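The values are calculated or read from the model by the stated rules, or taken from the named source; none is laboratory data. In this text, all values refer to a predicted model and were calculated from it rather than measured experimentally. Quick reminder, even Gly has a Cβ in these numbers, built from the backbone with ideal geometry, and neighbours come from all protein chains shown.
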Amino acid sequence: MRVIVLLGAPGAGKGTQAAVLAPRLNLLHLATGDMFRAAAAAGTRIGLEAKAYMDRGELVPDHITVRMLLDRLTASDATHGVILDGFPRTPAQARALDVALDERRSGVEEAILIDVPAEELVRRLSGRRLCRAAGHIYNEVTNPPHVPGECDIDGSELYQRADDQLETVKARLDQQIPELLDVCAHYEAQGKLRTVDGMRPIEEVTEELVAALSQPSESRA
Ligand SMILES: [Zn+2]
């Protein structure tokens, strides 16, 4: 069972990359946010436990996330392994994951950082626009509409959510980037960190990662 951790700041294209990579490598794309929602919807005990925290607006504790993740790894669609997207977010979570995988005589094979400079992240995140009619998503930087300020699909006006405004975006990154670097340091110390340049086109980054992850590695059984 292969466990690949995909790391990147918000706006680095981590989710996009994981979604493309997973089928190419015959791995399951496991986004923790989706996993929480699915477990809560399925009404499993642990799913409801996690949901109770989320409903109160609290973070789901690490031990619950790790347990849910390990449960998910035993499902038939995860036989060959997983690409983790959105976990671990802190060194404590990274350690908890190491311990849990170690108990199953497994481990993280590789952690991949999609590296994008902070200024570019700010530019991408604050470029997000939604249409008033149906919430169609655009990005002035990466996915602009054909007519500026107008939805391609329904012609309605595009607006910026408060969450995507410059100062909010900067504050969010200031909070998340140091934790991301700490998680990177955790895997770097284990010799498992690979950094890819996230400023290149998505397809190029994908090809580099497919080539790298298709090579046999010593840590893989
Ligand atoms: Zn629209």
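Here are the numbers:
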{"item": "Single residue of segment 124-138 satisfying the filter (surrounded by 18 or more Cβ atoms within 10 Å (Cβ to Cβ) and farther than 22 Å from G8 by Cα) that is farthest from the ligand (Cβ to nearest atom)", "result": "L130"}
{"item": "Unique match (being of a type in the set (K, R), surrounded by 15 or more Cβ atoms within 10 Å (Cβ to Cβ) and within 30 Å of S126 (Cα to Cα)) among R2, R37", "result": "R37"}
{"item": "Residue check, V147 among the β-branched types (V, I, T) and closer than 30 Å to K192 by Cβ", "result": "no"}
{"item": "Matching residues in segment 67-84 - criterion: being part of a helix (DSSP H, G or I) and within 11 Å of V3 (Cβ to Cβ)", "result": "L69, L70, L73, A78"}
{"item": "Boolean, G155 is modelled with pLDDT of 95 or more, closer than 28 Å to R105 by Cβ, loosely packed, with under 15 Cβ neighbours inside 10 Å and not aromatic (F, W, Y)", "result": "no"}
{"item": "V60 being assigned to a loop (DSSP other than H, G, I, E, B), out of contact with any Cys (no Cβ under 9 Å at 6 or more places or on another chain) and of a type in the set (A, V, I, L, M)", "result": "yes"}
{"item": "Segment 90-106, subset in a loop (DSSP other than H, G, I, E, B) and not basic (K, R), residue nearest to the ligand (Cβ to nearest atom)", "result": "T90"}
{"item": "Some residue of segment 207-218 being closer than 25 Å to I4 by Cβ and of a type in the set (V, I, T)", "result": "yes"}
{"item": "Residue count for segment 139-172, restricted to those that are within 16 Å of the ligand (Cβ to nearest atom) and within 17 Å of E120 (Cβ to Cβ)", "result": "4"}
{"item": "Failed item in (1) assigned to a helix (DSSP H, G or I); (2) more than 21 Å from the chain's Cα centre (by Cα), with R172 passing the rest", "result": "(2)"}
